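Novice: Before I ask anything, here is the structure I am working with.
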Amino acid sequence: MKAVFYHKPDSGYKDETGIKYHFPQSYLSRVAKSLNDWIVYYGPVKGLRGRYYTGIALVKSVEPDLEHAGLHYAFLDYYIDFDRPVEYKEGGGFERRLVERSGIINQGYKVQAVRMLEDAEFATIVSAGLSTPEAWPDRNAPDYANHMDAFSESPQPEIIDAEFDRPVVELLTRRKWRDIKFRQNVRVAYDRTCAFTNLKLINGRGRPEVEAAHIRPVENGGNDWIRNGLALSGTVHWMFDRGMLSLADDLTILVSRHLNEDVSHFLNKDMKAKVPVNVAHAPHPAYLEWHRKEKFKK
């Protein structure tokens with residue numbers, strides 16, 4: 001069964017967005033019901049008042065915390081950010097037990113860190129969070145991409161059925177669709193500008209040259225969290241993926257001695273990456289550390 005997981009970035013729990021969710025024994029039975037099903041992240045968003053749905057993930061296992069009695073972990077997969085934070089009260093509310101028809105908020109239910117979701121509720125939340133069309137399709141995409149629905153790979157009728165969420169679920173694991181959403185979120189966060197060169201190149205059809213790079217590739221255990229992403233120009237993306245470039249925690253651009261050309265003139269003059277000021281969008285140190293250890297050729 002699907003669920004809502006409350007997440008506060010500065011809480012005392014050892015959460016890692018999209019990787020693992022730390023929770024007390026009191027919620028074990030509910031979390032166990034969500035095993036092999038989808039959850040929606042919910043909680044505060046910096047700079048905004050209220051509570052919001054912010055992304056989704058799949059629960060792949062539930063295990064005890066061996067270091068702390070009475071605590072457990074839900075290990076997650078297929079995380080992806082919503083295109084925008086979706087306030088829980090929007091449009092009269094999404095969870096019927098949380099926002100009553102009269103508009104009154106069930107305060108006792110609101111404070112529960114894990115809440116079960118009906119399929120129709122999940123489908124409606126996902127539709128609200130992931131239906132923003134991509135403003136700037138890939139520069140090599142066909143012209144019809146400007147009119148693509150956010151849940152589509154080609155023009156087609158609306159596929160979100162609030163009474164039956166199978167079309168939503170089928171799309172959520174589709175790699176091509178996820179790549180489009182990841183690219184969309186990263187390019188919006190970086191304003192279509194390469195983090196390593198500060199170039200913002202737009203072609204004659206208004207399409208940006210910049211690409212979305214996974215810091216830790218999906219095939220190596222990475223996910224589609226925006227903090228596992230960087231906006232990079234094509235050539236820089238190629239060098240980053242092959243370990244010719246990397247990034248220190250202080251955002252210093254690292255250049256491999258294995259490069260057969262000096263590329264320093266091509267990079268930002270101060271050799272610092274330009275990343276979003278909003279920490280919720282900036283590259284996460286854990287992913288940068290992985291790239292330096294596993295990819296970077298010193």
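Novice: Within 20 Å of the chain's Cα centre (by Cα) and not acidic (Asp, Glu): does that describe LEU232?
Specialist: Values: within 20 Å of the chain's Cα centre (by Cα): yes; not acidic (Asp, Glu): yes.
So LEU232 passes the test.
Novice: Could you tell me how many of the residues in segment 44-71 are under 17 Å from VAL4 (Cβ atoms) and in contact with a strand residue (DSSP E or B) (Cβ under 7 Å, 6 or more places away or on another chain)? Show your work before the answer.
Specialist: Here is the first cut: in segment 44-71, the residues under 17 Å from VAL4 (Cβ atoms) are 44-45, 50-59, 62.
Of the ones still in play, those that are also in contact with a strand residue (DSSP E or B) (Cβ under 7 Å, 6 or more places away or on another chain) are 45, 50-59, 62.
Residues meeting the conditions: 12.
Novice: Name every residue in segment 1-13 that is open to solvent by 30 Å² or more (accessible area, probe 1.4 Å) and either assigned to a strand (DSSP E or B) or among the charged types (D, E, K, R) (or both), in order of residue number.
Specialist: TYR6, LYS8, ASP10
Novice: Looking at segment 242-266, which of its residues are open to solvent by less than 90 Å² (accessible area, probe 1.4 Å) and either under 13 Å from LYS298 (Cβ atoms) or part of a strand (DSSP E or B) (or both)?
Specialist: Within segment 242-266, GLY243, MET244, LEU245, SER246, LEU247, ALA248, THR252, ILE253, LEU254, VAL255, SER256, LEU259 meet the criteria.
Novice: Here's another thing I want to ask about it. What are the residue pairs meeting all of these: first residue in segment 84-95, first residue at positive phi, second residue surrounded by 17 or more Cβ atoms within 10 Å (Cβ to Cβ), Cβ atoms under 7 Å, and 6 or more apart or on different chains?
Specialist: Filtered contacts from segment 84-95: GLY92/VAL99; GLY93/VAL99.
Novice: Also, quick follow-up: For segment 272-294, give me the residue count where each residue is among the hydrophobic types (A, V, I, L, M, F, W, C), in a loop (DSSP other than H, G, I, E, B) and open to solvent by 20 Å² or more (accessible area, probe 1.4 Å).
Specialist: Filtering segment 272-294 down to residues among the hydrophobic types (A, V, I, L, M, F, W, C) leaves 273, 275, 277, 279-280, 282, 286, 288, 290.
Narrowing the set further to residues that are in a loop (DSSP other than H, G, I, E, B) leaves 273, 275, 277, 279-280, 282.
Retained after the next criterion (residues that are open to solvent by 20 Å² or more (accessible area, probe 1.4 Å)): 275, 277, 279-280.
Qualifying residue count, segment 272-294: 4.
Novice: Taking the options LYS181, LYS269, LYS200, LYS297, name whichever one is under 30 Å from LEU130 (Cα atoms), of a type in the set (D, E, K, R) and part of a loop (DSSP other than H, G, I, E, B). First the steps, then the outcome.
Specialist: Numbers: LYS181 fails: part of a loop (DSSP other than H, G, I, E, B); LYS269 fails: under 30 Å from LEU130 (Cα atoms); LYS297 fails: under 30 Å from LEU130 (Cα atoms).
Just one listed residue meets the conditions, LYS200.
Novice: Can you work out which of the residues in segment 198-213 that are open to solvent by 10 Å² or more (accessible area, probe 1.4 Å) and in contact with a helix residue (DSSP H, G or I) (Cβ under 6 Å, 6 or more places away or on another chain) is farthest from HIS284 (Cα to Cα)?
Specialist: GLU211
Residues checked against (1) of a type in the set (Gly, Ala, Ser); (2) within 14 Å of the chain's Cα centre (by Cα); (3) surrounded by fewer than 16 Cβ atoms within 10 Å (Cβ to Cβ):
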| residue | (1), (2), (3) |
| --- | --- |
| LEU172 | no, yes, no |
| VAL186 | no, yes, no |
| PHE196 | no, no, no |
| ASN220 | no, no, yes |
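Novice: Residues to consider are PRO137, PRO133; find the one that is within 15 Å of ASN185 (Cβ to Cβ), at pLDDT below 90 and touching a helix residue (DSSP H, G or I) at 6+ places or on another chain (Cβ under 6 Å). Step through it out loud before you land on a result.
Specialist: Numbers: PRO133 fails: touching a helix residue (DSSP H, G or I) at 6+ places or on another chain (Cβ under 6 Å).
Going through PRO137, PRO133 in turn, just one is within 15 Å of ASN185 (Cβ to Cβ), at pLDDT below 90 and touching a helix residue (DSSP H, G or I) at 6+ places or on another chain (Cβ under 6 Å): PRO137.
The values are calculated or read from the model by the stated rules, or taken from the named source; none is laboratory data. This structure is a prediction, so every number in the text was calculated from the model and none was measured. So basically every Cβ, Gly included, is an ideal-geometry build from the backbone, and we count neighbours across all protein chains shown. When the accessible area is computed, the model is the full protein with side chains, heavy atoms only, and any ligands, DNA or RNA have been set aside. Shrake-Rupley method; radii C 1.70, N 1.55, O 1.52, S 1.80 Å.
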